[in-house]
Amino acid sequence: MPVKIGLKITLIISALVTAAVTSVISAEPTVEEITVNFEVPRLTSKDIFVRYDGSTIFLPFTEIFHILDLNVGTDPDRTRIEGFFITKGHRYELRPKEARAVVNGTDMPLLPGSFQYDGMELYLRIDQFKNLFGLDMTFNFTMLRVLLPLSDQFPAYQRLLRKQAREKLDKTEAALKNIKVIPRKHEWFSGGVIDWTLSTNPLGGGGQYADMGIGSMLFGGDLSVSGAGNTTTGFNPEDITARWHYAIDPNPFLTQIELGSINSGGLLNRSMRGGLITNRPQVQRTYFQTVNLSGPLEPGWEVELYADGKLLDYAEADQGGGYHFNVDVNYGASDLELKMYGPNGEIRTEQRHVQVPYTLVPKKQFEYASSVGMDMVTPGQRWYAQTNGYYGVINRLTLGLGTDIPLSPPAGKVAEKPLVSAEATAIIASSLVANASVAPGYQSLFGLNYTMPSSISANVGLTTFAVSKYRNPVEQKYSASLSLSSPIRLGQRYLGLRYNLSRDVYRNFNSTSMNYGFSASAWRMYVNYLGRFKSTRYPSRVSRSFTSQMLLSTDLLRWLRPQFRLDYDHTTNSLSRFGVYVTRRFLKTGQISLSYERSPVAKSNMIMLGVNFFTSA
């Protein structure tokens, strides 16, 4: 009898357990695949398959990352999904069979119900994309749409921007092919322009001033005349400057003729009234040379070439993994940047700084200028003949020679000796440029310039002077200078530092000057500081000045940007000047300014109201 009762109880319990399990199984939600629209504004909109359990959706992880061009990969056994998010330092590893996730070095569990895995694709619940990667998606069941806000860090968006920039570059290059060269035309007399300025100063009985410039085509060349005068000193005809310039079609021997106010340039240059011939270009050169940039890469990579932030060219690595660019290098400083994009979202950058001084002449080219005229600076109306020439030995080295020959020495005085000069400019390295010149009986000069973008810029110069009553009447012995500037990065902002030191030594005195300062901005506030120190030593006394100036401005106000100025004199330990300045544009072509300055030393106030109208008259 006890055995039968125990068997009956066991059968009842088994039936209850079976019923409970059946009830739980039947209570599990039904998971189905549905099609929704996955949209990232301004980037993509496409239909994808997702899983829906009646209350929320699960999105395919690898497909979403492929759409965004994010790095994603799986191991051969498909037990692990790994890659990096945006940057290589932000790595992730998802292990669905172990229900674990490692994101950016943090190990965390994948909770039941937060994912589904079928052995091929990992489906993450929509909120898990935000928890793991910050991708804040929303699902609209009525519209069957998943919306992900656009981030400019998405590699797919970066690729879209690159594509648009390249299409714009291709259109620009195609438009340049339609340029038509208009031949130069020489008019005997044609057109004209007048540029004039009138100003007055009613304070303290000041005078009224006038400046005027006239230009026109005359005898096949262009004529320009300018002069100035005022009601106090009158108009002096000797202050008139006039120049007639005739342009000749480009050729190796003669390109320009000038008459009137001329300057032949070079170390021995003089401002003269006379005539000049030269084979220089009509306008200052911008192009210097073409260089080839190349390097090794893996197949499938894309490379973009930028110069000073502007896209110049793009290419894909060839089958051997190499890339090649022919780049036009211009005068001045250029920052070249290569941006490389890998097939799996990798990004590399290379920066190269190219510095070409304007005194450099392209390889195997020769430039000269010869002039004859009367010196406009030295008293005595003496005549001189000057010639200088420069030759590009190689693209990194230019040599030059010059002469200065007096033609009419002053009567009863020692004749001025002719001068000869030699000059050299060399690019020692891409960031280091040296220049040197020597003119016996006049001066010798040596200078170095070193520039590293976003790091430091340095200039060093030394000039020694010879005894000469014509070229060195103030009897200067030498001049030395040092200047430094460096932007220091503080987070997302920069602190610009600058320093300048100069030393000038004369026969009877010497002078030392320093300028230093910084500029910075934070929270829509802008600060600029400049300090000045100067010490002049005479045989019997020493004169010193030491001042500081601080400029503060802000754009917190919508319509105005006020500026505040403080001047402090350290020699007297007192505030020497302070002021407030406000400027506002109005009526499209007008500007109104109001300023207040206070001088505690002179115990004076100055209030100024200015109104300007800019017209084309």
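The values are calculated or read from the model by the stated rules, or taken from the named source; none is laboratory data. None of these values were measured; they are calculated from a predicted model. Ideal geometry is used to build each Cβ from the backbone, glycine not excepted, and the neighbour counts take in all protein chains shown. Surface areas here come from the heavy atoms of the whole protein model, side chains and all, with no ligands, DNA or RNA. Shrake-Rupley method; radii C 1.70, N 1.55, O 1.52, S 1.80 Å.
Details
- Environment charge of N528, counting only residues whose C-beta is closer than 12 Å and scoring Lys/Arg +1, Asp/Glu -1: +2
- Paramagnetic label reach from V393 (point 7 Å along Cα→Cβ; backbone nitrogen cut-off under 20 Å): within region 350-365, residues 355-365.
- Under 12 Å, Cβ to Cβ, from G579 - net charge with Lys/Arg +1 and Asp/Glu -1: +1
- Checked against a 27 Å cut-off, the cross-linked pairs K363/K477; K46/K97; K171/K339; K88/K163; K417/K534 give Cα-Cα distances beyond that limit for K363/K477; K46/K97; K417/K534.
- Loop chymotrypsin sites (Phe, Trp or Tyr not before Pro), region 504-567 (other Cβ atoms within 10 Å of the site Cβ: 11 or fewer; DSSP): W523, W559
- If R0 is 45 Å, the Cβ-Cβ spacing of Q563 and K417 corresponds to a FRET efficiency of close to 0.25.
- Farthest toward positive dipole pole in the chain [+1 Lys/Arg, -1 Asp/Glu at C-beta], among T536, T387, G73: T536
- The chain - percent of accessible surface contributed by carbon and sulfur, probe 1.4 Å: 59
- Charged side chains reduced to their Cβ positions (Lys and Arg at +1, Asp and Glu at -1) give region 543-617 a dipole of some 220 debye around its Cα centre.
- Under the convention that each Lys and Arg Cβ holds +1 and each Asp and Glu Cβ holds -1, the size of the dipole of region 385-485 around its Cα centre is about 140 debye.
- Distance (nanometres) between label positions extended 7 Å along Cα→Cβ at V505 and S151: 6.2
- Here the chain is treated with +1 on each Lys and Arg Cβ and -1 on each Asp and Glu Cβ, and its dipole about the Cα centre works out to around 2340 debye.
- Largest first, the extents of the alpha carbon coordinates of region 293-387 on the three principal axes equal 77, 25, 15 Å.
- Additional length obtainable on full extension of the chain from L490 to D211, 0.36 nm per residue less Cα span: 95.7 nm
- For D504, net neighbour charge (Lys/Arg +1, Asp/Glu -1) across residues whose Cβ lies under 15 Å away: +4
- Cα pair distances exceeding 47 angstrom across the chain, given as percent: 45
- Projecting the Cα atoms of T44, Y368, T463 onto the charge dipole of the chain (Cβ charges, centred on the Cα centre) puts T463 farthest toward the positive pole.
- Built amide H within the under 5 Å cut-off of Q208, gap 5+: T231, T232
- Percent RCO, i.e. relative contact order, over region 315-413, from Cα pairs under 8 Å lying at least 6 residues apart: 19
- When I607, I456 are compared by accessible area of protein heavy atoms, the largest-first order is I607, I456, using a 1.4 Å probe.
- Span-rule helices in the chain, defined as complete DSSP H runs reaching 20 Å or more along the axis (Cα) with Kyte mean at least -1.0: 2-27
- With contacts taken as Cα pairs under 8 Å at a separation of at least 6 residues, the chain carries a relative contact order of 5 percent.
- Extension gain (nm, one decimal) between E93 and S553, 0.36 nm per residue minus Cα-Cα: 160.7 nm
- Accessible-area ranking of H186, H90, largest first, probe 1.4 Å: H186, H90
- Over region 399-475 - Rg/Rh using Cα atoms and the Kirkwood inverse-distance radius: 1.15
- Each stretch of four or more DSSP H residues adds -39500 (n - 2.57); spread over every residue of the chain, this sum gives -3500 deg cm²/dmol at 222 nm.
- Note: relative contact order over region 76-159, using C-alpha pairs below 8 Å and six or more positions apart, is 16 percent.
- The residues of the chain present an accessible area of 61 Å² per residue when probed at 1.4 Å with all protein chains retained.
- Positive end of the dipole of the chain (Cβ unit charges, origin at the Cα centre): among T571, P281, S444, the Cα lying farthest that way belongs to T571.
- Loop-resident GluC sites (Glu not before Pro) (DSSP state other than H, G, I, E or B) in region 331-412 with no more than 15 further Cβ atoms inside 10 Å of their Cβ: E346.
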